[in-house]
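Below: the structure, in structure tokens.
The values are calculated or read from the model by the stated rules, or taken from the named source; none is laboratory data. Everything numeric in this text was worked out from a predicted model, so none of it was measured. Heads up, the Cβs are rebuilt from the backbone with ideal geometry, glycines too, and the neighbour counts pull from every protein chain shown.
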Amino acid sequence: MTGTNAIELKSITKTFGSVVANKDVSLSVRKGEILSLLGENGSGKTTLMNMLSGIYYPDSGEIYINGEKVDIRSPKDSFDLGIGMIHQHFKLVDLFTAAENIVLGMKGKTKVDMKAVVEKINGLCEKYGFELDPYKKIYNMSVSEKQTVEIIKTLYRGANILILDEPTAVLTPQETRTLFKILKKMREDGKAIIIITHKLMEVLELSDRVSVLRKGEYVGTVNTNEATELSLTEMMVGEKVTLDIERPEPVDVNPRIIIKDVSCSDKNGIKVLDNINLTVNSGEILGIAGIAGSGQKELLEIVAGLQSVDSGSVTYCPPDSDKCQELIGKSPLQIRNLGVALSFVPEDRLGMGLVGSMGMTGNMMLRSYRSGTKFFTDRKSPKKLSEDIVKQLGVVTPDISTPVRRLSGGNVQKVLIGREIAASPTVLMTAYAVRGLDINTSYTIYHLLNEQKKKGVAVVYVGEDLDVLLALCDKIMVLCSGRISGIVDARSATKEQLGLMMTKHSEETEVGDNDK
């Protein structure tokens, strides 16, 4: 079987100080197959792939490419061996065209024959079924187009082994199906493909085999046609779990946030949100869907007092009073001083949500530091909250004083969500709350959101997994290019319907007026 393996990892171990990221991991990837790599947060998936891409070097163990032992000490070594990694966050120059990005950094003549480059790119597109304009600027591209550029960039450089990190995270169902067709053609062409993902339905649909890591150790590899969502989850977490997302019926539904005629523009004067009308109700989970950059981030930041508007109003209706309050023009502190109990889990975890150089206790104190110096002399409350979050959400950290920037992305997310929910909000807004989280922790978060819903909290859930949006939310609002395409009942909507709404405006899919 060794002769058919594109990759063989033998007893790979990698440590960072006292933390063991990978311990004695051995697995293989065959030529002409798609292998899915699964594992909980902190299981060592990314570290293992970073050793293949030359970012890290193993402490011990051996790597074989096409049957030959290799020494990968840099990304250049990885490229020379025909390995290409497509990261979730693209490495592209916005001002350059697709073709310019594809050849950027390659060795060769001082003057590049762009006509020949474009011809080669068009040949790859025709061979595998890509759709790409080589002369299009990156800043004018959709997320799926940028991903196409990244994939073609690796193929152009001769990659026969591709590693894709969460490739469908921000794609519509239609774009996902197109990507799957392309990957299957690449498999037929003999490429070895590794996909890191948390979407088990996609794993079962696309891959040939599935390898699972748990706490840095190799658990095993199974044929996809012999696996189920439940069996894969049990392999990841080591115990049986229930995968059904709870959706209790809404109770005591009342308007909590009323958004009327809201429009805003970016710093270049380009309209980001256009005439948004929406009501967020207590006792409900409102989902927001849309391809990346459709205005989700700006909408939540407007409500939180972090983004200015061109026009419109945002009104908060408290649960125990008839006196609604206008939030537009007020800072987050002013909104808080009005008694508005609003929690916000932003998309940018460390840039906006937490202070990376501080430990968990310090980050818990951020919500209370203005109450006076007494709080600083008594650290028991934030320390106790930190310990509770570690226990309840399974945060992996050496201790609660470790700077949060040293934690994995998934663990940083757990800290942020735990803090915001602990604030007992009446409005809870989350942007990609489970992005980067393993399935077990994701279901813990879904449970916490439902608990808030039962308490009468108005929950806003911006998500990228349409299956989760349909199973968790009561209503789903779809944004397309800064406008509302429609608001649908999540109990009766379909993925295909949402996908169409995400890419074009559809009057037929709207349920009544947008502000209801």
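Looking at Gly283, is it touching a Ser or Thr at 6+ places or on another chain (Cβ under 6 Å) and either small (Gly, Ala, Ser) or in the same structural domain as Leu200 (by TED's automatic domain parsing) (or both)? So Gly283 does not fit the description; no. Of Leu27, Leu48, all but one fail to be over 30 Å from Glu145 (Cβ atoms) and assigned by TED's automatic domain parsing to the domain that holds Gly220; the exception is Leu27. If you check Thr178, Thr221, Thr233 for being β-branched (Val, Ile, Thr) and more than 30 Å from Ile291 (Cβ to Cβ), only one passes: Thr221. Residues in segment 425-438 that are crowded, with 20+ Cβ neighbours inside 10 Å and of a type outside the set (Phe, Trp, Tyr): Thr426, Val427, Leu428, Met429, Thr430, Ala431, Ala433, Val434, Arg435, Gly436, Leu437, Asp438.
Among the residues of segment 324-337, the one identified as surrounded by 15 or more Cβ atoms within 10 Å (Cβ to Cβ) and at pLDDT below 85 is Arg336.
Checked against the criteria, Ser18 does not count as surrounded by fewer than 23 Cβ atoms within 10 Å (Cβ to Cβ), among the polar types (S, T, N, Q) and modelled with pLDDT of 90 or more.
Taking Asp71, is it touching a Phe, Trp or Tyr at 6+ places or on another chain (Cβ under 9 Å), surrounded by fewer than 18 Cβ atoms within 10 Å (Cβ to Cβ), assigned by TED's automatic domain parsing to the domain that holds Asn122 and within 18 Å of Ala6 (Cα to Cα)? Give the derivation first.
Working: touching a Phe, Trp or Tyr at 6+ places or on another chain (Cβ under 9 Å): yes; surrounded by fewer than 18 Cβ atoms within 10 Å (Cβ to Cβ): yes; assigned by TED's automatic domain parsing to the domain that holds Asn122: yes; within 18 Å of Ala6 (Cα to Cα): yes.
In short, yes.
Restricting attention to segment 110-146, the residues being touching a Ser or Thr at 6+ places or on another chain (Cβ under 9 Å) and among the aromatic types (Phe, Trp, Tyr) number 2.
Among the residues in segment 389-399, are any surrounded by fewer than 13 Cβ atoms within 10 Å (Cβ to Cβ), farther than 29 Å from Ile276 by Cβ, in contact with a Leu (Cβ under 9 Å, 6 or more places away or on another chain) and modelled with pLDDT under 85? So that I can check it myself, show each step before the final result.
So the first thing to find is which residues in segment 389-399 are surrounded by fewer than 13 Cβ atoms within 10 Å (Cβ to Cβ), and the list is 391, 398-399.
From what's left, farther than 29 Å from Ile276 by Cβ: 391, 398-399.
With the extra rule that they be in contact with a Leu (Cβ under 9 Å, 6 or more places away or on another chain), the set shrinks to none.
Looking for residues that are surrounded by fewer than 13 Cβ atoms within 10 Å (Cβ to Cβ), farther than 29 Å from Ile276 by Cβ, in contact with a Leu (Cβ under 9 Å, 6 or more places away or on another chain) and modelled with pLDDT under 85, one finds none in segment 389-399, hence no.
For Glu301, indicate whether it is closer than 29 Å to Asp438 by Cβ, assigned by TED's automatic domain parsing to the domain that holds Leu498 and without any contact (Cβ under 8 Å) to a residue 60 or more places away in the chain. For Glu301, the condition - closer than 29 Å to Asp438 by Cβ, assigned by TED's automatic domain parsing to the domain that holds Leu498 and without any contact (Cβ under 8 Å) to a residue 60 or more places away in the chain - is met.
The number of residues in segment 273-290 being more than 18 Å from Val459 (Cα to Cα) and surrounded by fewer than 21 Cβ atoms within 10 Å (Cβ to Cβ) comes to 2.
Candidates are the residues of segment 255-311 that are among the aliphatic types (A, V, I, L, M) and in a loop (DSSP other than H, G, I, E, B); the one that is nearest to the chain's Cα centre (by Cα) is Ala292.
Is it the case that some residue within segment 38-59 is under 28 Å from the mean Cα position of the chain (by Cα), surrounded by 15 or more Cβ atoms within 10 Å (Cβ to Cβ) and part of a strand (DSSP E or B)? Steps first, answer last, please.
Just the residues of segment 38-59 that are under 28 Å from the mean Cα position of the chain (by Cα), to begin with: 38-58.
If we keep only those that are surrounded by 15 or more Cβ atoms within 10 Å (Cβ to Cβ) as well, we get 38-56, 58.
Checking which are part of a strand (DSSP E or B) leaves us with 38-39.
Yes - at least one qualifying residue is present in segment 38-59.
Contact map, segment 153-169: first residue of a type in the set (A, V, I, L, M, F, W, C), second residue part of a helix (DSSP H, G or I), Cβ cut-off under 7 Å, separation 6 or more or different chains; pairs are Leu155/Leu124; Leu162/Thr154; Ile163/Met49; Ile163/Leu52. When restricted to residues that are touching a strand residue (DSSP E or B) at 6+ places or on another chain (Cβ under 7 Å), among the hydrophobic types (A, V, I, L, M, F, W, C) and surrounded by fewer than 21 Cβ atoms within 10 Å (Cβ to Cβ), segment 141-182 contains 0. Taken across segment 120-140, residues that are in a strand (DSSP E or B), hydrophobic (A, V, I, L, M, F, W, C) and at negative phi do not occur at all. Looking across segment 72-97, the residues that are touching a strand residue (DSSP E or B) at 6+ places or on another chain (Cβ under 8 Å) and either of a type in the set (A, V, I, L, M, F, W, C) or under 14 Å from Lys10 (Cβ atoms) (or both) come down to Ile72, Leu81, Ile83, Met85, Ile86, Leu95, Phe96. Pairs linking a residue in segment 114-143 that is hydroxyl-bearing (Ser, Thr, Tyr) to a residue that is part of a helix (DSSP H, G or I), with Cβ atoms under 8 Å and 6 or more positions apart or on different chains, are Tyr128/Leu155; Tyr128/Ile182; Tyr128/Lys185; Tyr128/Met186; Tyr135/Ala98; Tyr135/Ala99; Tyr135/Val118.
Filtering segment 1-11 to residues that are at pLDDT 90 or above and surrounded by fewer than 24 Cβ atoms within 10 Å (Cβ to Cβ) leaves Asn5, Ile7, Glu8, Leu9, Lys10, Ser11.
Answer yes or no as to whether Phe130 is surrounded by 19 or more Cβ atoms within 10 Å (Cβ to Cβ), under 30 Å from Gly17 (Cβ atoms) and of a type in the set (Phe, Trp, Tyr). Quick ask: steps written out before the conclusion?
Numbers: surrounded by 19 or more Cβ atoms within 10 Å (Cβ to Cβ): yes; under 30 Å from Gly17 (Cβ atoms): no; of a type in the set (Phe, Trp, Tyr): yes.
Spelling it out, it is not the case that Phe130 is surrounded by 19 or more Cβ atoms within 10 Å (Cβ to Cβ), under 30 Å from Gly17 (Cβ atoms) and of a type in the set (Phe, Trp, Tyr).
Of a type in the set (Val, Ile, Thr), farther than 18 Å from Leu155 by Cα, in contact with a helix residue (DSSP H, G or I) (Cβ under 8 Å, 6 or more places away or on another chain) and part of a loop (DSSP other than H, G, I, E, B): does that describe Ile72? For Ile72, the condition - of a type in the set (Val, Ile, Thr), farther than 18 Å from Leu155 by Cα, in contact with a helix residue (DSSP H, G or I) (Cβ under 8 Å, 6 or more places away or on another chain) and part of a loop (DSSP other than H, G, I, E, B) - is met.
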